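Beneath this line is the structure, given in structure tokens, with notes to follow.
The values are calculated or read from the model by the stated rules, or taken from the named source; none is laboratory data. These numbers were taken from a predicted model, which means no experiment stands behind them. Note: ideal-geometry Cβ built from the backbone for every residue, glycine included; neighbour counts use all protein chains shown. Calculation scope for accessible area: heavy atoms of the full protein, side chains included, ligands and nucleic acids excluded. Shrake-Rupley method; radii C 1.70, N 1.55, O 1.52, S 1.80 Å.
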Amino acid sequence: MQFLWTLVQVLQIISALSMIGLVLVQHGKGADMGASFGSGASGSLFGATGSANFLSRSTAVAATVFFLATLGLAYAGNLRHAVVSDQPSVFDQAASAAASSASAGASAVPAAAKSASGAALIPTK
């Protein structure tokens with residue numbers, strides 16, 4: 001299971017980096033930055049419009065792999081936490097602590113409030 005977890009994490013990182021690179025290499029309409037990748041040359045590696053199609057499809061594939069890897073990691077992380085943790089959650093611990101302090105401190109609150117307010121320290125004539 002640990003090998004699969006690591007494999008999906010590596011796949012997600014590689015797809016994220018490739019998506020960043022592919023988006024940076026692409027050019028918008030009217031931009032001349034992509035001239036070396038076939039924006040106007042018919043004899044280029046991908047053809048006249050081949051680089052735009054190749055880059056956009058490659059970006060879509062990288063985005064799909066990234067999305068599926070993210071869903072897989074989220075599902076596996078949730079499963080992993082449920083199997084490993086037989087302790088109550090932080091919210092359960094906080095709720096039980098609040099309930100126990102509320103029941104124990106209900107009778108001590110008026111006495112504590114008087115001493116905390118400083119009313120006992122005020123001299124009376």
Original post:
Rank Leu22, Leu11, Leu121, Leu17 by accessible area, highest first, at a 1.4 Å probe radius?
Top reply: Leu121, Leu17, Leu11, Leu22
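Can you sort Leu79, Leu55, Leu24 by 1.4 Å-probe accessible area, starting with the largest? It would help to have the intermediate numbers written out before the result.
Working: Leu79 80, Leu55 20, Leu24 140 Å².
Descending order: Leu24, Leu79, Leu55.
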**OP:** Once you have the Cα-Cα distance between Ala98 and Leu17, take 0.36 nm times their residue separation minus that, and quote the gain in nm to one decimal.
**Re:** 24.6 nm
**OP:** Please list the non-local residues whose amide H lies under 5 Å from the amide H of His27, H modeled 1.01 Å from N, same-chain partners needing a gap of 5 or more.
**Re:** none
Original post:
Spin-label point model (7 Å from Cα, Cβ direction): what's the Phe91 to Phe54 distance in nm?
Top reply: 5.0
